[in-house]
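Right, I'll just put the structure down here and ask away after.
The values are calculated or read from the model by the stated rules, or taken from the named source; none is laboratory data. Source: prediction; values computed, not measured. We place every Cβ from the backbone using ideal geometry, glycine too, and count neighbours over all the protein chains shown.
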């Protein structure tokens with residue numbers, strides 16, 4: 001019998017550094033990013049919460065945390081999106 005050792009904790013299902021491949025996942029990610037941008041138009045980053053971002057994006061909080069372990073993890077992705085619009 002062969003025993004396969006699975007990684008424990010966050011490494012086991014780490015999706016934060018992967019581009020989504022399924023259309024549904026791509027749409028969810030886009031909704032999360034747009035919702036975060038919209039929220040940051042009206043309030044400071046420090047005041048935004050993951051719960052409010054998830055509600056605005058119409059995704060479960062768990063879905064948001066699966067993709068981004070904290071709201072700080074959203075910043076580099078948002079900055080990259082913003083930079084892409086500058087150089088179009």
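Scanning the range 74-88 for residues that are surrounded by fewer than 13 Cβ atoms within 10 Å (Cβ to Cβ) and closer than 21 Å to residue 25 by Cβ, which turns out modelled with the lowest pLDDT?
Within the range 74-88, the match that is modelled with the lowest pLDDT is 84.
Of the conditions (1) loosely packed, with under 10 Cβ neighbours inside 10 Å; (2) in contact with a helix residue (DSSP H, G or I) (Cβ under 9 Å, 6 or more places away or on another chain), residue 61 fails just one. Which one is it?
Tallying (1) loosely packed, with under 10 Cβ neighbours inside 10 Å; (2) in contact with a helix residue (DSSP H, G or I) (Cβ under 9 Å, 6 or more places away or on another chain), residue 61 fails exactly one: (1).
Of the conditions (1) more than 21 Å from residue 85 (Cβ to Cβ); (2) surrounded by 10 or more Cβ atoms within 10 Å (Cβ to Cβ), residue 44 clears all except one; give me its number.
The one condition residue 44 does not meet is (2).
Related question: Please determine, by comparing only the residues of the range 1-29 that are under 17 Å from residue 75 (Cβ atoms) and surrounded by 11 or more Cβ atoms within 10 Å (Cβ to Cβ), which one is modelled with the highest pLDDT.
My answer is 29.
Only one residue in 66, 75 is more than 17 Å from residue 19 (Cβ to Cβ) and touching a residue at least 24 places away in the same chain (Cβ under 8 Å). Which one?
75
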